[in-house]
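The values are calculated or read from the model by the stated rules, or taken from the named source; none is laboratory data. Note that the coordinates shown come from a computational prediction; the quantities given were computed from them, not determined experimentally. Ideal geometry is used to build each Cβ from the backbone, glycine not excepted, and the neighbour counts take in all protein chains shown. Quick note on the areas: whole protein, heavy atoms, side chains included, nothing else; ligands and nucleic acids left out. Shrake-Rupley method; radii C 1.70, N 1.55, O 1.52, S 1.80 Å.
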Amino acid sequence: MKTIVITGVTRGCGRALAEEFIRPGHTILGCGRSEKELAALQRQFGAPHDFSAVDVSDDAAVAAWAGRLLKSHGPPDLLINNAGLINRNAPLWQISAREFSSVVNANLKGPANLIRHFAPEMVKRRSGVIVNFSSGWGRSTSAEVAPYCATKWAIEGLTRALAQELPAGMAAIPLNPGIINTDMLRSCFGGSAEGYPSPQEWAKVAAPFILKLGAAENGCPLTVPVRGAND
Ligand SMILES: NC(=O)c1ccc[n+]([C@@H]2O[C@H](COP(=O)([O-])OP(=O)(O)OC[C@H]3O[C@@H](n4cnc5c(N)ncnc54)[C@H](OP(=O)(O)O)[C@@H]3O)[C@@H](O)[C@H]2O)c1
């Protein structure tokens, strides 16, 4: 059984993945910002799972959280940078500096913060897999989501460079999850989000796919094989 750190467990893909991993007995160490949801998850699943309010863009908060979890659970087998934000649909020139920063902080600095504080112990043990959530918009572009595209293209580069730094036996993988009917998709696709799989349907395919990833996939940009993933 694996110890899995996953960000963004309060909703959407992260929550469905966490529940799918818990079912067969993996241990989930999850975070998000919505304290109420995190407290409910902790009540529902209990120890050894651990759900904490941590903003991934806050390096000091991530450092404290990682320090506590590394002491209690040791280095994770799997680190999944899932948490993310999308800008409201708008041309780049209409996006405020504040909104641009919030997307960069969550989608790009967040994963770097997690890697900064969890990877050293994983590298010391010379094992573990780091999965950074990318997007179709990490490999293609559309109008009105430029800040989001910028962060996901950056995640592809960051992850592939990290893959070249890790010792043999480990892996860093940029993963396009496909297209899933979550709050984020409803924000950018509107009503047509309804035509895509629910996070629960998606997680049934995504969880076993992620669990199989290892050194052979180090540095390979992958896509979860779900309906609509290559639209
Ligand atoms: N849905 C899709 O079709 C799709 C397609 C391609 C890629 N993706 C990627 O898949 C991942 C999950 O997306 P989703 O659709 O599940 O989104 P979602 O439903 O909007 O959920 C996003 C999750 O991230 C958390 N989060 C956001 N900012 C955070 C922060 N600063 N610190 C900690 N947690 C934070 C949110 O929790 P709180 O609000 O509690 O903080 C929430 O749990 C993202 O990386 C997204 O870019 C999704």
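Kindly state, to the nearest 0.05, the FRET efficiency for residue 39 paired with residue 72, given R0 = 22 Å and r defined as their beta-carbon distance. Walk me through the numbers before you get to the answer.
On the way: r = 18 Å, r/R0 = 0.84.
Plugging the Cβ-Cβ distance into 1/(1 + (r/R0)^6) gives 0.75.
With all protein chains present, how much of the accessible area of the chain (probe radius 1.4 Å) comes from carbon and sulfur, to the nearest whole percent?
On the way: 5540 of 10300 Å².
It is 54 percent, rounded to a whole number.
Give me the Kirkwood hydrodynamic radius of segment 133-189 in Å, from all C-alpha pairs, to one decimal place? Write down the numbers at each step before the final one.
Details: mean 1/r = 0.0808 Å⁻¹.
After inverting the pairwise mean of 1/r, the radius is 12.4 Å.
Can you give the charge dipole size of the chain about its Cα centre, rounded to the nearest 20 debye, using +1 on the beta carbon of Lys and Arg and -1 on the beta carbon of Asp and Glu? Mind showing how you got there, number by number?
On the way: 23 positive and 19 negative charges, 73 e Å.
Dipole size: approximately 340 debye.
Among the lysines, which fall within straight-line cross-link reach of residue 36, defined as a Cα-Cα distance under 29 Å, with same-chain neighbours fewer than 8 residues apart omitted?
2, 71, 109, 152, 204
Hey, can you grab everything whose amide H is under 5 Å from the amide H of residue 29? Only 5+ residues off in sequence or another chain; H modelled, so Pro and N-termini drop out.
Long-range HN contacts for residue 29: 4, 5, 6, 50.
What number comes out for accessible area per residue over the chain if the probe is 1.4 Å? Units Å², please. If you can, show how the numbers build up before the last one.
Numbers: 10300 Å² over 231 residues.
Per-residue value: 45 Å².
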